[in-house]
1. I'd like to verify a number: residues in the range 314-325 that are surrounded by fewer than 17 Cβ atoms within 10 Å (Cβ to Cβ) and not in a loop (DSSP other than H, G, I, E, B), how many?
2. Which one of these is in contact with a helix residue (DSSP H, G or I) (Cβ under 6 Å, 6 or more places away or on another chain), polar (S, T, N, Q) and touching a residue at least 24 places away in the same chain (Cβ under 8 Å): SER343, SER397?
3. Looking only at the range 102-114, count how many residues are in contact with a Cys (Cβ under 7 Å, 6 or more places away or on another chain) and outside any strand (DSSP E or B).
4. Restricting the first residue to the range 180-192 and requiring it to be surrounded by 12 or more Cβ atoms within 10 Å (Cβ to Cβ), which pairs with a second residue that is of a type outside the set (D, E, K, R) and not in a loop (DSSP other than H, G, I, E, B) meet a Cβ separation below 8 Å and a spacing of at least six or different chains?
5. Quick check: anything in the range 134-147 out of contact with any Ser or Thr (no Cβ under 9 Å at 6 or more places or on another chain) and outside any loop (DSSP other than H, G, I, E, B)?
6. Evaluate the following for GLY372: is it under 29 Å from MET63 (Cβ atoms) and touching a residue at least 12 places away in the same chain (Cβ under 8 Å)?
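Read-outs: derived from the displayed coordinates by stated rules, not from any lab. If you're wondering where the values come from, they're calculated on a predicted model, not measured in any experiment. Because the Cβ atoms are built from the backbone with ideal geometry, glycine has one as well, and the counts that use them run over all protein chains shown.
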Amino acid sequence: MINIILCGGSGTRLWPISRTLLPKQFVKLFDDKSLFQLTVERNSKLCDFQLVVSNTEQYFLAMDQLDELNKLNSQYLLEPIGRNTAPAIALACLALDPQEIVLVTPSDHLVKNENEYQKIIQKAKKLANEKNLVTFGITPKFPETGFGYIESDTIAKGFDVDDGLDVLSFKEKPNLQTAIEYINENSFLHKNNLTNKYHWNSGMFMFKAGIFLEELQKYSPKIYEASLLAFNNANKDGLIRIKYNDMINIPEDSIDYAVMEKSNKVKVVPSDIAWSDVGSFDSLYDELPKDENNNTLNSNHISINSKNNLIYGNERKIATVDIEDTIIIDTGDALLVSKKGSSQKVKKVVEKIKELGNELHNIHLTGYRPWGTYTVLEDSQGYKIKRIEVKPNCRLSLQSHKHRNEHWIVVSGIATITLEEAVFNLKENESTYIKAGHKHRLANETNKLLVIIEAQVGEYTGEDDITRFDDDFKRDTNG
């Protein structure tokens, strides 16, 4: 069995923790592990290996975090642009044996009852072997308006539900009154010794790769044909890299709309697994450890008569006085303060930030790259100062900038510099100057970390002012 892990999404409802270039699935929120790492650990006990579907930036994050777990038996499929879940899953299935059973999971969900999780996976595997498309319906605990619902048939409690339940329909995210009606109907069925009719849609699936592709071809032939063409044209150099023009030609649709709502082979497995999509700060608060006053544990928090608060911040002290039921998120370059219960509205903040035209929605002060990291120390009109760390035996792309000059000072390690036709080394306390328009490259050819300070000076210092001429990581030549 193969675990297809979908890494799309930017988690805007968890801004400013989650951003486009470091989305929530890769933020280490739980015992210094990310949701992505927890997903891999959970499913590697059941699956032979992982097929990670992501974009180029997230691929390097995934690769680094898998290395931390010593999970080297992984494959990657890189999408240049997202086209929703149906194409992503189709492309992944095209890379596999049609008889292979796949467990499709998002990368950003939390499951705390792993014993029950393993049981439902085994039930689903039996159904998948019988050529069913299996989805997992989470047992709802309250009338949630942030999830879609699965409506199923219902049977008497005590009967074996190993055969799953037939799916009657998929429901969009309901308003509160409708969600209450779903929960009330479940309660009525329970009183009459029947199973639930309504389940939260988990976004997890299991089926044989070939069966899914057959159903996709039957019900959404345009997606199937475009995905097949894109896969056949892909670069397969150890990674599967889909070409942009092929990807953009695939119709955008979810697996629910494209296949699951139309197929007559769909079964749902009821799943009571202590599940959360960690889709808002309110849900994150529920999952984090608390102190005696029900504030989330944080060594930087000084609490005076404050309780029931989510406090997140790793850089500065956060002091609260007589504060209750509040969300406070401090990431160094942004501060979010919200009432608990209102955190679903955070995505509106991200929309406003995008309208302002800055990069706060996109990247943290520290940006992660395949060669290492950079941290913005100061950013002002006409200049920017960064701390750059280059991993051993790694190098940045050969590049140039149109609008800025750069000054590099080595803090520790040995830097190998390419500047136009010249190649030379710089040691600690030595520096060089790169003029706008000149081709240059920074490399670390040693086995120790290289740290430099970079001062950019120019009319524009945005991250998109870059033209690449050569790149070890096969990123786009521009941007």
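1. Number of matching residues: 3.
2. Being in contact with a helix residue (DSSP H, G or I) (Cβ under 6 Å, 6 or more places away or on another chain), polar (S, T, N, Q) and touching a residue at least 24 places away in the same chain (Cβ under 8 Å) holds for just one of SER343, SER397, which is SER343.
3. Selection size over the range 102-114: 1.
4. Sorted first by the residue in the range 180-192, then by its partner, the pairs are TYR182/TYR149; TYR182/TYR198; ILE183/TYR198; GLU185/TYR198; ASN186/TYR198.
5. The answer is yes, given that some residue of the range 134-147 is out of contact with any Ser or Thr (no Cβ under 9 Å at 6 or more places or on another chain) and outside any loop (DSSP other than H, G, I, E, B).
6. The answer is yes for GLY372.
Residue-wise test of (1) more than 19 Å from ILE242 (Cα to Cα); (2) in a loop (DSSP other than H, G, I, E, B).
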| residue | (1), (2) |
| --- | --- |
| ARG42 | yes, no |
| LEU46 | yes, yes |
| GLN50 | no, no |
| TYR59 | no, no |
| LEU66 | yes, no |
| ILE81 | no, yes |
| ILE89 | no, no |
| LYS125 | yes, no |
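Yes/no matrix, rows are residues, columns are (1) touching a residue at least 40 places away in the same chain (Cβ under 8 Å); (2) surrounded by fewer than 14 Cβ atoms within 10 Å (Cβ to Cβ); (3) among the acidic types (Asp, Glu); (4) touching a Cys at 6+ places or on another chain (Cβ under 6 Å):
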{"residue": "GLU100", "(1), (2), (3), (4)": "yes, no, yes, no"}
{"residue": "TYR117", "(1), (2), (3), (4)": "yes, no, no, no"}
{"residue": "ALA128", "(1), (2), (3), (4)": "yes, no, no, no"}
{"residue": "LEU168", "(1), (2), (3), (4)": "no, no, no, no"}
